[in-house]
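Enquirer: Just dropping this structure here.
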Amino acid sequence: MREACKVRKGVISAIMKISVPIPRMRKILPRAACAALLIPALLGHAWGFDERGRDLLLGGNSPASLGAGLTGIASPGLSYFSVNPASIAAAERFALSTAYGGVDGDMVYPALAAAYPTAYGSFGFAFSGISVPGSPDIEKAYSFSLGGAKRLTRNLQAGLAVSGVSMRGPGGNGTYPGASLGFVYGVPYRTGGGFGIYDPALALSGRVGPHPGGLGDTADLNTAGAGYRMGFYKNDILTISFMNEMWIFGNVQDRALRFGLEALLFGNWALRTGMSLPNELSYGSFTMGAGYRLESQAYAISLDYAMAYHRESDFAHYVGLSLQFGELDREPPRTGITASDRYMSPNFDGSKDYVRFATVVRDRSAIKGWRLQITAQDGALVREYRISDRDMEESASPFALLGRIVRTQESMIVPESILWDGTDSKGRTVPDGRYDYAFIVWDEFDNISKARTGSVIVDNTAPAIELKAADLLFSPNGDGRKDELVVEQVFSSAPADEWHAVFADASGRAVRSFTWKGDAIPAMLSWDGKDDAGADAPEGIYTLAVESRDGADNAVKRTLKNISLTRAFESADITASLEYFSIPLQREMKFFLSLSKTEGLDDWRVIIADKEGKPLREFFGAAFENLVAWDGRDAGGTPLANGKYFYSLRTRFASGNAPASFTKELVLDGTAPDISIKFSPSPFSPDADGENDTLVLRPGLQDETGIDDWRITIFSAANEPFKQFRGKGIPAREIVWDGLSEKNEVLESAVDYFIEFEAVDLAGNRARAPRLKLPVDVLVMVTERGLKIRISNIEFAFDSAGLTPGARPILNRVVDILEKYENYFVLVEGHTDDIGEEEYNIRLSEDRAKSVMDYLVDKGIDKKRLTFRGMGETAPFLPNTSAENQRRNRRVEFLLKKKETQ
């Protein structure tokens with residue numbers, strides 16, 4: 001035994017000492033690889049194999065992993081699925097692998113695995129069995145794993161699998177149901193050629209589950225591992241990677257520290273070696289392996305061999321074959337885009353202020369980029385949305401990662417919804433007209449999709465109309481007097497707008513209807529008292545409503561209420577100056593009385609009653625009066641409560657006739673609307689980085705009578721109006737804002753703005769919701785100088801570079817953001833206003849910039865990334881013409897410049 005081991009070690013030593021010039025490698029490499037494959041097999045033929053079954057199950061049977069010291073937790077590919085379920089996240093085509101352990105020995109360990117990529121990630125399956133006659137723990141076992149993996153961010157992959165193992169051993173039978181969770185994080189870092197650091201990856205993986213049955217702790221297959229993979233040498237021919245992992249099995253007393261090396265030559269040949277410590281483990285103290293990969297457009301084949309050696313167990317041999325089927329992607333992505341509306345009216349009234357483009361993207365490969373362009377009818381580019389040029393770490397919060405699990409991989413690159421608010425690239429609202437859009441996507445192989453196109457109509461001009469009538473009483477009785485109601489219509493409308501006019505009775509039932517196009521509206525609308533069937537409409541009170549709503553949801557509605565239709569030859573009518581009466585606000589309203597004649601009048605009476613008809617206040621007299629004033633009180637002088645009330649005019653003549661008006665309705669409302677407003681997100685960060693870029697305002701409003709108009713105002717930190725939304729009636733449930741002011745200015749970074757919501761009801765009662773604070777995040781803006789952070793409220797001690805306590809939370813947030821932009825150098829610039837000597841301001845701004853830089857370094861930002869300089873008053877952001885402008889000029893700016901890549 002010892003002599004055989006010496007022979008074997010001598011052969012291995014001789015192989016590892018081979019050194020030849022690079023030009024001869026292509027001839028010698030196949031022979032060396034064959035030697036690596038055959039010599040251990042020949043040596044292993046002479047000795048038996050004595051393994052524990054549990055160690056085989058824990059170590060796996062992938063030759064690619066075994067050859068490199070059972071490592072592979074951070075390696076990609078189906079071969080490592082049993083080690084870490086996240087390994088298949090980057091699969092591009094269907095993969096199938098089979099392996100067989102125990103070549104020329106008593107131990108048998110076959111396995112089969114498959115992976116299939118989809119739009120929602122890759123799904124994998126693995127099955128294996130072992131047979132180890134005479135094993136002291138597990139003699140036979142069958143196991144399976146079923147799971148999936150996907151790329152959650154550009155650098156982070158995650159995988160989840162469920163597994164089950166059925167075992168039999170000298171101690172009885174046992175089962176193990178478990179679940180595995182794994183992560184791989186690729187660090188985007190590489191140096192130049194030769195020795196260095198290339199594409200390091202960190203990984204975690206674990207499996208947990210119960211182990212009922214008669215085998216006790218033998219069936220405990222729980223594992224937890226952590227490790228990394230890192231290339232440390234690279235040239236055109238050779239790449240060498242190092243793997244290191246720490247594993248815990250079952251209880252924490254069973255541990256293994258694993259090391260592996262893999263050399264890849266000419267992109268086809270692989271040589272591997274590795275070891276596992278401590279040597280007391282019965283499996284994989286020392287391993288070697290080799291492999292060959294052949295790839296074409298339609299398939300890829302990998303052949304791998306490995307041997308695992310232990311001083312007490314000799315060699316175990318493994319062979320494996322992996323196949324990948326299907327051509328690499330040469331087809332463009334399949335795309336679609338749909339606008340939420342054909343028409344839009346970006347007038348900030350809360351209705352159709354924006355269009356959302358819903359995108360659909362499907363592709364076999366990873367999406368590399370996308371672009372949505374909006375153009376005017378003359379072809380001029382109005383607005384462009386595209387994949388961000390920012391090289392930044394994506395959000396890795398738990399909620400963000402959970403959200404990505406259920407999304408397609410394409411949607412993590414291309415947003416599922418893109419909002420256009422009707423502005424151009426400079427934030428100006430575009431003129432009315434048709435605008436065309438075109439959407440394209442390209443994948444990692446630069447396959448470019450066909451442009452998906454459509455158009456949107458911008459229409460900010462609402463139809464308008466006003467109604468006027470000389471008399472609201474008419475009597476179509478054929479006496480030649482007031483036989484028709486004549487209403488003057490003063491309007492403006494587009495020809496395509498559709499208009500509707502309805503005369504409705506007191507119950508709201510439509511009696512007579514009219515419909516016109518915008519170019520056919522009559523200037524004078526006449527109604528002869530007939531219904532739509534040509535029959536006489538009943539006598540009573542009517543309301544005329546004329547309305548129109550264009551395609552962009554610009555709407556207008558005007559009403560003419562309390563129209564009296566009577567066919568009596570003697571008539572009485574009454575109208576009110578107000579439909580909605582707020583006693584605290586208006587204090588008094590008026591009633592206007594009219595009679596067809598006054599000769600022979602004995603008396604008249606105006607009655608104000610409740611909904612049960614009980615009179616609450618009366619005005620009367622013998623000599624007719626055309627006007628009566630009322631203060632909203634009952635006969636005892638008590639103000640009436642809010643609610644509906646009814647008024648009428650009754651008369652008596654000497655002839656015995658008693659014409660009376662119809663009973664009409666008015667509303668008393670002295671209570672302001674109940675209003676509130678909410679918003680999200682907080683803080684607001686409109687810097688086009690894909691996170692919290694739009695603010696959603698959610699107004700809440702209740703009132704007994706209805707809302708006349710409302711207004712939402714955003715105030716700056718200086719309490720000046722910055723942005724305003726307003727409209728008539730009930731506002732939309734959600735109002736979206738992109739963060740630009742009325743003058744297309746961008747929000748100031750890292751300060752608090754304020755939101756005010758006001759509403760006026762139909763009675764004129766005004767309400768104002770409590771003012772809300774709107775925190776604005778540190779913004780990373782795209783400028784002519786590149787990416788920039790501009791902050792005007794980093795506070796320093798007076799005439800000093802010392803930071804105040806109030807500056808620290810802001811700078812801590814800057815630290816968080818700069819950690820996302822780890823591939824950028826940062827220039828810290830200090831600026832002042834024009835107060836004081838120029839040389840002094842230069843020096844002070846430089847000291848303050850350095851103070852900020854030192855703080856960033858103390859908080860963990862690499863000092864090699866940072867530089868500073870003072871600009872004094874030489875580069876004002878705003879003219880120094882006011883105290884507010886001077887405040888904003890006293891600022892610190894952070895300029896981000898992308899590191900040069902090699």
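The values are calculated or read from the model by the stated rules, or taken from the named source; none is laboratory data. Everything numeric here is computed off the predicted structure, so don't read it as measured data. Using ideal geometry, Cβ is built from the backbone for each residue, glycine included, and neighbour counts are taken over all protein chains shown. Ligands, DNA and RNA are excluded from the accessible area calculation, which covers all protein heavy atoms including side chains. Shrake-Rupley method; radii C 1.70, N 1.55, O 1.52, S 1.80 Å.
Enquirer: Stretched out fully, how many nm does the piece from GLU758 to GLU625 gain, at 0.36 nm a residue minus the Cα gap?
Expert: Details: separation 133, 0.36 × 133 = 47.88 nm, distance 4.06 nm.
Result: 43.8 nm gained on full extension.
Enquirer: Mind scanning LYS482/LYS644; LYS368/LYS820; LYS614/LYS644 and naming the pairs with a C-alpha gap bigger than 23 Å? Intermediate results must be reported in sequence, preceding the final value.
Expert: On the way: LYS482/LYS644 31 Å; LYS368/LYS820 20 Å; LYS614/LYS644 13 Å.
From LYS482/LYS644; LYS368/LYS820; LYS614/LYS644, over 23 Å: LYS482/LYS644.
Enquirer: Now for a separate question. Do any of LYS590/LYS611; LYS723/LYS897; LYS561/LYS597; LYS723/LYS788 go past 29 Å between their Cα atoms, and which?
Expert: Working: LYS590/LYS611 20 Å; LYS723/LYS897 32 Å; LYS561/LYS597 24 Å; LYS723/LYS788 24 Å.
As for pairs spanning more than 29 Å Cα to Cα, those are LYS723/LYS897.
Enquirer: Distance between the C-alpha centers of region 290-365 and region 190-251? Whole Å please.
Expert: 23 Å
Enquirer: Sticking with this structure for a sec: Which whole-number percentage describes the relative contact order of region 63-325, with Cα contacts under 8 Å and a sequence gap of 6 or more? Spell out each step's value before the answer.
Expert: Details: 837 pairs, mean separation 51.3, N = 263.
Taking the mean separation of contacting Cα pairs over the length of region 63-325, I get 19 percent.
Enquirer: Pop a pseudo-label 7 angstrom from the Cα along the beta-carbon direction at both ARG386 and ASN812 and give the gap in nm to one decimal.
Expert: 3.9 nm
Enquirer: On to the next question. Would you please give the residues with an amide H less than 5 Å from that of ARG512, counting only those at least 5 places away or on a separate chain, with H modeled from the backbone geometry?
Expert: PHE503
Enquirer: Quick check on the chain: of the DSSP beta bridges with both residues there, what percent are antiparallel, nearest 5%? Let's see the in-between values first.
Expert: Values: 284 of 298 bridges.
Bridges in the chain that DSSP calls antiparallel: roughly 95 percent.
Enquirer: To continue, here is another question. Sort LYS517, LYS820, LYS426 by heavy-atom solvent-accessible area, probe 1.4 angstrom, most to least.
Expert: So, going from the largest accessible area down, we get LYS426, LYS517, LYS820.
Enquirer: In whole Å, what are the Cα extents of region 518-628 along the three principal axes, biggest one first?
Expert: Largest to smallest, the principal-axis extents are 54, 41, 29 Å.
Enquirer: If you don't mind, another one. To check my understanding: the extent here is largest minus smallest coordinate of the Cα atoms along each principal axis. What are those three numbers for the chain, in Å, largest first?
Expert: That gives 144, 77, 57 Å along the principal axes, largest extent first.
Enquirer: Taking the Cβ-Cβ separation of VAL486 and THR663 as r and a Förster radius of 30 Å, what is the calculated FRET efficiency to the nearest 0.05?
Expert: Details: r = 25 Å, r/R0 = 0.82.
The computed FRET efficiency comes out at 0.75.
Enquirer: How far is helix 838-858 tilted off the main Cα axis of the chain, in degrees rounded to 10, range 0 to 90?
Expert: With both axes taken from Cα atoms, the answer is about 60 degrees.
Enquirer: I've got another one for you. How far is it, in nm, from the label point at ASP446 to the one at GLN586 when both lie 7 Å from their Cα along the line to the Cβ?
Expert: 7.3 nm
Enquirer: Counting residues in region 780-898 as N, plug N into 2.2 N^0.38 Å and put the Cα Rg over that result. It would help to have the intermediate numbers written out before the result.
Expert: Details: Rg = 13.6 Å, N = 119, 2.2 N^0.38 = 13.5 Å.
In units of the 2.2 N^0.38 Å rule of thumb, it is 1.00.
Enquirer: Mind ranking 189-200, 129-140, 457-468 by how tightly packed they are, going by the mean number of other C-beta atoms within 10 angstrom, highest first?
Expert: 129-140, 457-468, 189-200
Enquirer: Can you compute the FRET efficiency between ASP199 and ALA358 using 1/(1 + (r/R0)^6), with r the Cβ-Cβ distance and R0 = 35 Å? Round to the nearest 0.05. Don't skip to the answer; put the middle values down first.
Expert: Numbers: r = 36 Å, r/R0 = 1.03.
That pair, ASP199 with ALA358, gives E of 0.45.
Enquirer: Ratio of region 737-837's C-alpha Rg to 2.2 N^0.38 Å, to two decimals? The partial results should precede the final answer.
Expert: Numbers: Rg = 18.5 Å, N = 101, 2.2 N^0.38 = 12.7 Å.
This ratio for region 737-837 stands at 1.46.
Enquirer: Excluding LYS859 itself, calculate the net charge of residues whose Cβ lies under 12 Å from the Cβ of LYS859, where each Lys or Arg counts +1 and each Asp or Glu counts -1. Before the final figure, lay out each step's value.
Expert: Values: positive: ARG808, ARG813, LYS863; negative: ASP816, GLU819, ASP854, ASP858, ASP862.
Every neighbour counted, the sum reads -2.
Enquirer: Region 674-775: D in µm²/s via Stokes-Einstein (Kirkwood Rh, Cα pairs, 37 °C, 0.692 mPa s)? The partial results should precede the final answer.
Expert: Details: Rh = 14.1 Å.
Here the translational diffusion coefficient equals 233 µm²/s.
Enquirer: Against the longest alpha carbon principal axis of the chain, how many degrees, from 0 to 90 and to the nearest 10, is the axis of helix 25-44 turned?
Expert: On a 0 to 90 degree scale, this one is about 70.
Enquirer: What ranking, highest mean first, results for peptides 755-761, 323-329 when packing means the other Cβ atoms within 10 Å averaged over each residue?
Expert: Working: 755-761: 20.4, 323-329: 15.6.
So the order, starting with the most tightly packed, is 755-761, 323-329.
Enquirer: Turning to a different aspect of this structure: Heavy atoms only, 1.4 Å probe, whole protein assembly: order ASP536, ASP854, ASP217 by accessible area, highest first.
Expert: Working: ASP536 90, ASP854 55, ASP217 110 Å².
Result of the area sort, largest leading: ASP217, ASP536, ASP854.
Enquirer: Follow-up. With axes computed from alpha carbons, what is the tilt in degrees of helix 2-16 against the longest principal axis of the chain, rounded to the nearest 10 within 0 to 90?
Expert: The two axes meet at around 60 degrees.
Enquirer: Taking all protein chains in place and a 1.4 Å probe, what share, in percent, of the accessible surface of the chain do carbon and sulfur account for?
Expert: Numbers: 23390 of 42960 Å².
Using a 1.4 Å probe with all protein chains present, the chain comes out at 54 percent carbon and sulfur.
Enquirer: Next up: Can you give the local net charge around PHE249? Use residues other than it whose beta-carbon is closer than 11 angstrom to its beta-carbon, Lys and Arg +1, Asp and Glu -1. Display every interim value, and only then the final one.
Expert: Numbers: positive: ARG54, ARG207, ARG255; negative: ASP55, ASP217, ASP220, ASP254.
So the surrounding residues net to -1.
Enquirer: Just going by the charge dipole of region 465-565, with Lys and Arg at +1 and Asp and Glu at -1 on Cβ, which of PHE503, VAL490, VAL556 is farthest out on the positive end?
Expert: Positive-end residue among those listed: VAL556.
Enquirer: Quick one: dipole size for the chain, taken about the Cα centre, charges +1 on Lys/Arg Cβ and -1 on Asp/Glu Cβ, in debye to the nearest 20. Working shown, then result.
Expert: Details: 102 positive and 118 negative charges, 752 e Å.
Using Cβ point charges on Lys, Arg, Asp and Glu, the chain gives about 3620 debye.
Enquirer: For ALA506 and ALA641, FRET efficiency with R0 = 25 Å and r from the beta-carbon atoms, rounded to 0.05? Write down the numbers at each step before the final one.
Expert: Working: r = 23 Å, r/R0 = 0.93.
The pair ALA641/ALA506 has a calculated efficiency of 0.60.
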